[in-house]
Amino acid sequence: MSLFFSFFFFFFIIPQLSFAQQQLLSFNISHSPWLPSQNKTLISPNTNFTAGFFPIPNSQNLFTFSVWFTKVPKTSNPVIWNASISPLNLSTSLVITSKGELLLNGEPLRNSHTSSNSTQLFLSNIGNLSFGTWSSFHNPTNTILPNQVITGIELYSLDGKFKFNNSQSLVLNSSNVQYYSTPSQLISMDDEGKMNMAGNSFLTSDYGDNRFRKLVLDDDGDLRIYSFYPDQQNKWFMVWKGIWEMCLIKGKCGPNAICMPRDDSDASTYCVCPSGFSPNNGGPENGCTRKIQLSRNTDFVRLDYVNYTSSIMNQINAGNFTICQSNCRTDSTCLGFGFKYDGSGYCVLLQGPQLQYGYWSPGTETAMFLKVDQSESEASNFIGMSEVLQTTCPVKISLPLPPKDSNTTTRNIVIICVLFAAEFISAVAFFWSFLKRYIKYRDMATTLGLELLPAGGPKRFTYTELKAATNDFSNLIGRGGFGDVYKGELPDHRVVAVKCLKNVAGGDAEFWAEVTIIARMHHLNLVRLWGFCAEKGQRILVYEYIPGGSLDKYLFKLRPLKGSSSGDSDSNTEQKPVMDWNVRYRIGLGVARAIAYLHEECLEWVLHCDIKPENILIGDDFCPKISDFGLAKLRKKEDMVTMSRRRGTPGYMAPEWITADPITSKADVYSFGMVLLELVSGVRNFEIQESEVRSEEWYFPGWAFDKMFREMKVEDILDGQIRDVYDSRAHFEMVNRMVKTAMWCLQDRPELRPTMGKVAKMLEGTVEISEPKKPTVFFLGEE
């Protein structure tokens, strides 16, 4: 029996113990050497991080000595630091020598060339692997962790192609060419997702959540922040990235090639060759070569929305396009030129043996002209708005000359008889033919009128194009007072919001003129107008698509606006993230600056007439963008009269809409004040709060004034969703400035309200805000 027990112990129990994982809180000389086959790991005291030999996926006998997140599955890329790029085999060992050296496979660990007189290797609670004065935080690979100091270190992508240099700029490592830079040097990232910078900071989209985070320089050259969501398929989700247009990253394509984005939702790109060029071996990713070499006789091909950033760019001041073109034509080293049609005389000559770092972007300001041989017959494969304007009316219209006078009596008699006979016999048919001819010539004249559109204005789409882009207007994302809004995708893969206007006054010429004015309004906090359609009675505007939706979806817990059937914006009911006080303050300030721009900085004064949360869209990094500006002038007179009869948006209309007072820019100031107050409270202005006043006499601004300035109970007016995180020391000054500004905007008389320019300065804190009077105008309900 004893012999059987001994046999069982040595052959069954001991092998099982050898495969059990051994977790160490420190690695010292007594544990040396450390082999991959020992199944040994070094773990942080809080068990969040693990160091050791990490198996390479799809390989049984290859490893890397790494640090990784313990609670992140191996299938979700948990590794955050590697000791070496080259893989290690089973014979590799980590050794601490008697001289205090840490050797991996016989070589010192990265940048640990000298003895540190240390005997232990530690892994801290924040993921820092340290051995004496050496630490992994001072020698990172491609990842930065929260609480890790970024200043003074360099990051490299795993393939070594890209580098994050000087804690501020991204460069192509092979040529040291910079393609992105942060506003100031990055310092560190905290556990809540706040990135600290020199004199500034910014927040990630999931700021405040307690989860694993990492800042990574990916192999595609972009800098991203990831958050790990264990409750959502155990995956990393991107919450911030430095570059949104991936083609701006240099090195995507070879010489002379042009980088193209695949679509708005995917970060992948592809390369194409411009007209007159053919791809090299391996495709355009390795570059393009001219089909016909340049001779003395050259020509130029226009590439719309294309830009090259070659190593040699010579900017000159050219009085007009012809001078700019002539300079490039006479310069044998010039391969093309860019020209701005804004009257500034901006002209840049692209010189060198070949063009580098070409990319396509809708934000390109210059028109690019590529030099080709005169015998090159291939048409441009990048056609923009100028080509559309030139091909809209390819047929010239001319009226025939009247026939020469004839003295032949017989011919005159025949003509008179035929005319009288046709008039009496087919009067109805002749009249119908006349109407058809009139309509035909009117349409031709309308088409010719397109030549009067200014260069660089909004693109004119056909109704057929917009019908195809919106899948026959099937994806309705909004419905408002000016018309319905549909989501669509253009042939160049741009996602757009298509607004079909209703009750528009004036003819085509007046509509084109107003649309051109709206398209010239460029501001960070205004939705960009890309084009329009005026065809067969249709009046359609094409805007950039803002995926974040409208402000009301973030504030009011998906409660619909009173008096609106389906809301004025995106109908998606997905729960939006809760905005903190800093984000709300930035939204209020951004909206104020945009309205001030419309009132005071545009060449033509613009009154919005419908400021409300549904017309404020939320873009990237919670950047607010106002929509439906400039559309009030397109309304028919009878609609404007109807709107003055209190059929607008209740709760946001100024008192002068129902009085005899004239409508001025102060009406928008009143509406903004109501929106600003809703940003603080998080409730609709017509939702009655706890008060001793009768419901028919209750007025939202007056209630907020009493709570803030008489009862001194600021917490009672704060949004319940973030009331718990309100800190009077950190947030009172901000909230107090927002409420005081709102009270001045909500005064009953227009002359008492400040201008929007002063409102913006009041929010910025550059203007002292005096104590406001209590607003006395009662709520304007529906009839």
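Kindly list the residues of the range 357-382 that lie in the label zone of residue 293, defined by a backbone N under 14 Å from the point 7 Å along the Cα-to-C-beta vector. Residues 373 qualify, since their backbone N sits under 14 Å from the label point.
Exposure proxy shown here: for 578, 591, 735, the number of other Cβ atoms within 10 Å sets the order, fewest to most, as 578, 735, 591. Computed from label points 7 Å out along Cα-Cβ, the spacing between residue 333 and residue 95 is 5.7 nm.
Semi-axes of the equivalent ellipsoid for the range 22-139, computed as √(5λ) from the eigenvalues of its C-alpha gyration tensor and ordered from largest down, come to 21, 17, 13 Å. Please give the FRET efficiency for residue 354 paired with residue 437, using the beta carbon to beta carbon distance and R0 = 41 Å, rounded to the nearest 0.05. Calculated transfer efficiency: 0.10.
When a/c is below 1.5 the answer is rounded, else prolate if a/b is larger than b/c, else oblate, so apply that to the range 255-302 with a ≥ b ≥ c taken from the square roots of the Cα gyration tensor eigenvalues. It is oblate, given that a/c is not under 1.5 and a/b is not larger than b/c.
In this Cβ point-charge picture (+1 for Lys and Arg, -1 for Asp and Glu), the range 264-342 has a dipole of about 440 debye about its Cα centre. Computed on the Cα atoms alone, the convex hull of the range 692-776 gives a volume of 115 cubic angstrom per residue.
For the set 553/761; 536/612; 194/553; 252/291; 612/758, the pairs lying more than 30 angstrom apart at their alpha carbons are 536/612.
Pairs of Cα atoms nearer than 8 Å and 6+ residues apart set the relative contact order; for the range 22-139 it is 26 percent.
Computed on the range 258-383, with alpha-carbon pairs under 8 angstrom and 6+ residues apart, the relative contact order is 33 percent. Since only 282, 261, 300 are under comparison, the one whose Cα sits farthest along the positive direction of the charge dipole of the range 258-383, derived from C-beta charges on Lys, Arg, Asp and Glu, is 300. For 70, 133, the sequence from fewest to most other C-beta atoms within 10 Å is 133, 70. Using only C-alpha atoms and all pairs of different ones, pull out the Kirkwood radius for the range 263-357 in Å with one decimal. For the range 263-357, inverting the mean 1/r across all distinct Cα pairs yields 14.9 Å. A Förster radius of 56 Å, combined with the Cβ-Cβ distance separating residue 725 from residue 29, puts the computed FRET efficiency at roughly 0.70.
So, R0 is 25 Å and r is the distance between the beta-carbons of residue 375 and residue 314; what FRET efficiency does that work out to, to 0.05?
Step by step, r from the Cβ atoms, then E = 0.40.
For the range 73-199, the normalised intensity computed at q = 0.15, 0.19, 0.20 Å⁻¹ comes to -0.85, -1.20, -1.26 (log10 of I(q)/I(0), Debye sum over alpha carbons, equal scatterers, no solvent). In the range 315-371, one over the average inverse separation of all distinct C-alpha pairs is 11.6 Å, which is the Kirkwood hydrodynamic radius.
Bear in mind that the values in this text are calculations on the coordinates, not laboratory data. Predicted model only: the values in this text are computed from it and were never measured. No Cβ is skipped: glycine too gets one built from the backbone with ideal geometry, and neighbour counts run over all protein chains shown.
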